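Engineer: I'd like to ask you about the structure that follows.
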Amino acid sequence: MFSKVLIANRGEIAVRIIRACRELGIQTVAVYSQADAEALHTQLADEAICIGSAKATDSYLNVQEVLSAAIVTKAEAIHPGFGFLSENSRFASMCEECNIVFIGPKSQTIDAMGNKVNARCLMKKANVPVIPGSDGVLSTVEEALEVADRIGYPVMLKAAAGGGGKGIRKVLSKEELPQRFSFAQQEAAASFGNDAMYLEKIIYPARHIEVQILGDRYGNVIHLGERDCSLQRNNQKVLEESPSVVISKSKREQLGAAAVRAAQAVHYENAGTIEFLMDEAGEFYFMEMNTRIQVEHPVTEMVTNIDLVKKQIEIASGQPLEMKQEEVIFSGHAIECRINAENPAAHFAPSPGTIKNLLLPAGGIGLRVDSAVYSGYTIPPYYDSMIAKVIVHADTRFEALMKMQRALSEIVTDGVITNAEFQMDLISHPAVIAGDYSTAFLQEVFLPNWTPEMEIGEE
């Protein structure tokens, strides 16, 4: 086991990793930007090093500074969390060259699955169903038009090196494709330094289902069930739950088996997620693989009682997965709501500022809040707006929904507007309570009929 780990991240995920390390008896090193000098992760870690200015490219994305901090503090491993450098294969490779363990998959695996076109080919070979679409990279509008004519509209243009909703455009007709291809290609080049595109048939409306997997260096792979992430706004997840109410026992077994095959096909090590789209007929298709821990990992932890971050660290240290698939026990229902410093009434504009008074929900069994904010903390305007995740667990889905409503009603963030009231309205909607929603629900049904009221934190 490692004696010291550097956390190359910030916010709640950095705090989450520090806590896991502390419970494992591992010392921690926090890195921070000048804007995060008073951040909670810097206070909880055993050591903290400033690695640059507020701009992420000068700090949290600065590979040289992060590695230098690890070398100076004699950290044996680096945990990248999610976002920033977590899926940067060059960073993973440089860690290996510096004899520092990257807590995640090998750089070759990140490369293989980070390119979405290559990932589609690998999944086909592994007998994992993929969405009908282009067989390779699309470099020109003419190539895109040819594929779209063959599979039929509507289609989705996607960046081959993409993620996070960037470089994506929906195309409903042949007339729309040229302009949208150009816009998506420009955004892909700006976001990822790679303008290669691919095209898929739109599965819409759909359920966005992802399966959590764990793999070790000895070839052992297990899955930890699915998460339903269908409630999304602008391709960004808003609320997640496990298990999905629309998946039968037999379908769940098929999904899990497909996810394990996908991981085995790339000799996957550490925690990862296989994302699928499920159509109205109940057929599922591989969408992508996330080669990192996910924001929504706590819902899986709640229903399996398995600490995924600790498993990541143990696997990276060379320990084998001792748990067999049949030993994974699923219990109850879990839901996660992302609490963001944003104003839904103003088109979800970010709401940075100082939290004058803070109350986060607590009490009872099956309630967890992952956060890095505190009273007097100033939320900087430079990074993601998520300030907390509220996670609940109960024996039944209805009980979990009621517990989430109770938890959301307790949130106070004086001085900063959040989306807590929006989440409360969403979790209370009859369709959500019934589990009758798809990826189209939030954008096309809920938001057009939603009337914002006073948001949490507004004065």
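The values are calculated or read from the model by the stated rules, or taken from the named source; none is laboratory data. Quantities reported herein were computed from a predicted structural model and do not represent experimental measurements. All Cβ positions, even for glycine, are placed from backbone atoms using ideal geometry, and neighbour counts span all protein chains on display. Areas reflect the complete protein model, heavy atoms only, side chains present, ligands, DNA and RNA absent. Shrake-Rupley method; radii C 1.70, N 1.55, O 1.52, S 1.80 Å.
Engineer: Among the residues of the stretch 415-437, is there at least one that is over 24 Å from the mean Cα position of the chain (by Cα), in a helix (DSSP H, G or I) and either in the same structural domain as VAL15 (by the TED database) or of a type in the set (Ser, Thr, Tyr) (or both)?
Structural biologist: No, every residue in the stretch 415-437 fails to be over 24 Å from the mean Cα position of the chain (by Cα), in a helix (DSSP H, G or I) and either in the same structural domain as VAL15 (by the TED database) or of a type in the set (Ser, Thr, Tyr) (or both).
Engineer: Exactly one condition in (1) touching a residue at least 40 places away in the same chain (Cβ under 8 Å); (2) among the hydroxyl-bearing types (Ser, Thr, Tyr); (3) open to solvent by 10 Å² or more (accessible area, probe 1.4 Å) is not met by SER428; state its number.
Structural biologist: Checking SER428 against (1) touching a residue at least 40 places away in the same chain (Cβ under 8 Å); (2) among the hydroxyl-bearing types (Ser, Thr, Tyr); (3) open to solvent by 10 Å² or more (accessible area, probe 1.4 Å), the one that fails is (1).
Engineer: Determine which member of the set MET386, MET287 is open to solvent by 10 Å² or more (accessible area, probe 1.4 Å), at pLDDT below 95, within 30 Å of ILE203 (Cα to Cα) and within 15 Å of the chain's Cα centre (by Cα).
Structural biologist: MET287
Engineer: Residues that are open to solvent by 30 Å² or more (accessible area, probe 1.4 Å) and either in the same structural domain as SER68 (by the TED database) or more than 25 Å from LEU277 (Cβ to Cβ) (or both): which helices (runs of 4 or more DSSP H) entirely in the stretch 83-173 hold 1 or more of them? I'd like the intermediate steps shown before the answer.
Structural biologist: On the way: elements: 89-97, 107-114, 116-125, 141-151.
Passing ranges, in order: 89-97, 107-114, 141-151.
Engineer: Of all residues in the stretch 252-284, which are surrounded by fewer than 20 Cβ atoms within 10 Å (Cβ to Cβ) and part of a strand (DSSP E or B)?
Structural biologist: GLU275
Quick grid of which residues meet (1) polar (S, T, N, Q); (2) closer than 30 Å to THR42 by Cβ; (3) in contact with a Lys or Arg (Cβ under 9 Å, 6 or more places away or on another chain):
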residue	(1), (2), (3)
ALA372	no, yes, yes
ILE379	no, yes, no
VAL390	no, yes, yes
ARG397	no, no, no
LYS403	no, no, no
SER409	yes, no, no
THR413	yes, yes, yes
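Engineer: For the subset of the stretch 27-72 comprising residues that are open to solvent by 10 Å² or more (accessible area, probe 1.4 Å) and in contact (Cβ under 8 Å) with a residue 60 or more places away in the chain, which member is nearest to the chain's Cα centre (by Cα)?
Structural biologist: Per the criteria, the residue is ALA56.
Engineer: For the stretch 285-300: of the residues being outside any strand (DSSP E or B) and not hydrophobic (A, V, I, L, M, F, W, C), which is nearest to ASN118 (Cα to Cα)?
Structural biologist: Here is the first cut: in the stretch 285-300, the residues outside any strand (DSSP E or B) are 291-300.
Still in the running and not hydrophobic (A, V, I, L, M, F, W, C): 291-292, 294, 296-298, 300.
Details: THR291: 14, ARG292: 18, GLN294: 22, GLU296: 26, HIS297: 26, PRO298: 29, THR300: 28 Å.
So the residue we want is THR291.
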